[in-house]
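The values are calculated or read from the model by the stated rules, or taken from the named source; none is laboratory data. As the structure is a computational prediction, the values presented were derived from the model and not from experiment. Note that we place each Cβ from the backbone using ideal geometry, even for glycine, and neighbour counts take in every protein chain shown. Side chains are part of the model used for accessible areas, which takes the heavy atoms of the whole protein and leaves out ligands, DNA and RNA. Shrake-Rupley method; radii C 1.70, N 1.55, O 1.52, S 1.80 Å.
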Amino acid sequence: MITYQQTRPPVRVWPALDLHGVDFDPVLTELMEEGPITRIELPNGTGWAWLVTRYEDVKAVTNDDRFSREAVVPADVTRLAPHFIPVPGAVGFADPPDHTRLRRAVAAAFTKRGVERLRHRTQEILEDLVDPLLRDGPPADFTERLLVPFPLAVVCEVMGVPAADQPRMHEWTYSILSSSKGADRSEEAKNNMAAYFTELLRERGSTGGDDVCGLLGAAVARSEVSEEEAVGLALLIQIGGEAVTNNSGNMIYILLTRPELADRLRAEPELRARGVDELLRYIPHRSAVGLSRVAKEDVELCGVTIKAGEAVYNSYLAANRDPDVFPDPGAIDLQRSPNPHLAFGHGPHYCVGGLLATMESQLLISTVLDRFPGLRLTVPPEEVPFRRGALIRGPEALPVTW
């Protein structure tokens, strides 16, 4: 008789690869081919974890309360980053009902109506960056002049962070997200950002407001969330907002290296919203995998038993290339419909800023297409530098002319 231990797939070592451009991870491709559920060992942490790659299975795990984010905190799960420093009370590591309570505190800022209220101001921020860029003329580094300051200014606007504090917010975020900076630098940056938000939330507790810090400060004052929880949530949103820099950088890199796509979006602006969705599906926006979950009890999935205490990773990147859901998944189809991509996750931990990030990318891509008709790289595509040792992938610099 075959025991279930003998039927488990082998553990595959998944090294940290510094991939160029929007190249899809070859190790993940192999894992997808090996089956809907495999076992992996990442460069840091201990032991191994399950990896789920098929679209419907990824959705099932993210919606299943038998898999816990909270249980990850005390566990030394195998992981990509050399350091693991979750903020106490952070919503990313909370399970319902606490997770639901925390998200409710800031929900008003991220509804469709709330995000649409920001559209005009977001376009103003963008134009304030594009106008001097055009006046100064080419060449320019789009990452430095546009891709970094634009999302940072928008997320700070959403958070209620004064413009004067934006540079240090960016520096702290970069240190937290970079696996090459080391645990001490990441810990220091996290503590500095937490101290900043602690003071800001205390200031905003009496005044309130529609921005995130106003909503969180008021929620703390009403004892709906603790100060520690509010600070953890503020950090998560602030850091997540900067991911737009990399996603949008990848989008522009694709349009610069596949000019036929840019030409079509210029000629058919009605395709741009759908095109941004397709680029969000297509782009491998992170390295390896993100945050794991831990099974609270034995769970049957894909013909195997995931035992209580075992870690599980979902690959949204793999799910977005599932051919059963996305025909010809390796191609960019600007008219793809429907396009139920999982670029922002799924289930209770769906990215709270997904609508905002999509709006930012839509405005940025449209503005770049319309105002820089002759935009092109000043170096060969293979010489565009991409961030090394980064958990979120994107161009470190984007040298262009027009």
Check your understanding: If contacts are Cα pairs under 8 angstrom and at least 6 residues apart, what is the relative contact order of segment 259-402 in percent?
Key -> 25 percent
Practice item. Normalising by the residue count of the chain, find the relative contact order in percent from Cα pairs under 8 Å and 6+ residues apart. Key: 25 percent
Practice item. Report, in debye and to the nearest 20, how large the dipole of the chain comes out about its Cα centre when Lys and Arg carry +1 and Asp and Glu carry -1 on their Cβ. Key: 300 debye
Review point. In what order, largest first, do Glu116, Glu360 sit by accessible area if the probe radius is 1.4 Å?
Key: Glu116, Glu360
Review point. Roughly how much of Val91 is accessible, in Å² to the nearest 10, using a 1.4 Å probe?
Key: 10 Å²
Review point. Can you give the extra length, in nm with one decimal, that the chain gains between Arg376 and Arg8 once fully stretched, where that is 0.36 nm per residue apart less the Cα-Cα distance?
Key: 127.5 nm
Point to revise | Accessible area, probe 1.4 Å, largest first, for residues Arg185, Arg135 | key: Arg135, Arg185
Review point. Let a ≥ b ≥ c be the square roots of the eigenvalues of the Cα gyration tensor of segment 11-401; is it rounded (a/c under 1.5), or, if not, prolate (a/b larger than b/c) or oblate?
Key: oblate
Exercise for review: Count the DSSP beta bridges whose two residues both fall in the chain, then state the antiparallel fraction as a percent rounded to the nearest 5.
Suggested key: 75 percent
Exercise for review: Count the net charge of all other residues whose Cβ sits under 11 Å from the Cβ of Glu310, scoring Lys and Arg as +1 and Asp and Glu as -1.
Suggested key: +3
Revision key, fill the gap. The answer for segment 11-401, accessible area per residue at 1.4 Å probe in Å², is 41 Å²
Point to revise | Cut-off 10 Å between beta-carbons: net charge of the residues surrounding Arg69, Lys and Arg +1, Asp and Glu -1 | key: -1
Exercise for review: Could you list the trypsin sites (Lys or Arg not before Pro) in segment 254-323 that lie in coil according to DSSP, counting only those with at most 16 other Cβ atoms within 10 Å of their Cβ?
Suggested key: Lys296, Lys307
Practice item. With a length cut of 24 Å (Cα positions projected on each helix's long axis) and a Kyte-Doolittle mean of at least -0.5, go through the chain and give me the DSSP H helices that pass. Key: 354-371
Check your understanding: What percentage of the solvent-accessible surface of the chain, computed with a 1.4 Å probe over protein heavy atoms, is contributed by carbon and sulfur atoms?
Key -> 52 percent
